[in-house]
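Student: This is the structure I want to talk about, given as structure tokens.
The values are calculated or read from the model by the stated rules, or taken from the named source; none is laboratory data. Note that this is a predicted model, so its numbers are computed, not measured. Positions of Cβ are backbone-derived with ideal geometry, glycine not excepted, and every protein chain shown enters the neighbour counts.
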Amino acid sequence: MVDVVIVSLVWTLALTLVRHSQSRVTTGTPGRELTAHRLQALGVFSAASGLTFFVVWLLSDSTGPRWVHALAEPASLIAIAVAAVFSGCSAWVRAR
């Protein structure tokens, strides 16, 4: 039950952060800044997905089907790595 609450809080925080970030974007925002915001949003969603897959991996260790457990670990690692790449690209686009 605690795992479900943690995942719900992470997704609520992710959606709130992206919504708040998008509210600061105006119609006169330069193209690079829009691209950086979109990449950052993708990074946030990818990190939240990675955490969700990690919790699924933890929960499926003892009770779930073996195939879910086998797929959840690499999925979580890939999603977190993709989040790092998106966030890094966002910072790079902003710095240029």
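Student: Listed residues Ala36, Ala41; which is touching a Lys or Arg at 6+ places or on another chain (Cβ under 7 Å), under 21 Å from Ala81 (Cα atoms) and not in a loop (DSSP other than H, G, I, E, B)?
Tutor: On inspection, the qualifying residue turns out to be Ala36.
Student: All but one of (1) more than 20 Å from Arg96 (Cα to Cα); (2) touching a residue at least 40 places away in the same chain (Cβ under 8 Å); (3) of a type in the set (Lys, Arg) hold for Arg66; which doesn't?
Tutor: It fails just one condition, (2).
Student: Here's a follow-up. Being under 12 Å from the mean Cα position of the chain (by Cα), surrounded by 13 or more Cβ atoms within 10 Å (Cβ to Cβ) and either under 28 Å from Arg94 (Cβ atoms) or among the small types (Gly, Ala, Ser) (or both) is the filter here, so list the residues in segment 1-29 that pass it.
Tutor: Val10, Trp11, Ala14, Leu15, Leu17, Val18
Student: Another question, then. Of (1) out of contact with any Leu (no Cβ under 9 Å at 6 or more places or on another chain); (2) modelled with pLDDT of 95 or more, Leu17 satisfies all except one. Which?
Tutor: Here Leu17 clears every test but (2).
Per-residue answers, yes or no, for (1) under 10 Å from the mean Cα position of the chain (by Cα); (2) surrounded by fewer than 18 Cβ atoms within 10 Å (Cβ to Cβ):
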{"residue": "Gly43", "(1), (2)": "yes, no"}
{"residue": "Gly50", "(1), (2)": "yes, no"}
{"residue": "Phe53", "(1), (2)": "no, no"}
{"residue": "Ala79", "(1), (2)": "yes, no"}
{"residue": "Gly88", "(1), (2)": "no, yes"}
{"residue": "Ala91", "(1), (2)": "no, yes"}
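Student: Right, another one. Based on what the data block shows, is Ser76 touching a residue at least 40 places away in the same chain (Cβ under 8 Å) and part of a helix (DSSP H, G or I)?
Tutor: Spelling it out, it is not the case that Ser76 is touching a residue at least 40 places away in the same chain (Cβ under 8 Å) and part of a helix (DSSP H, G or I).
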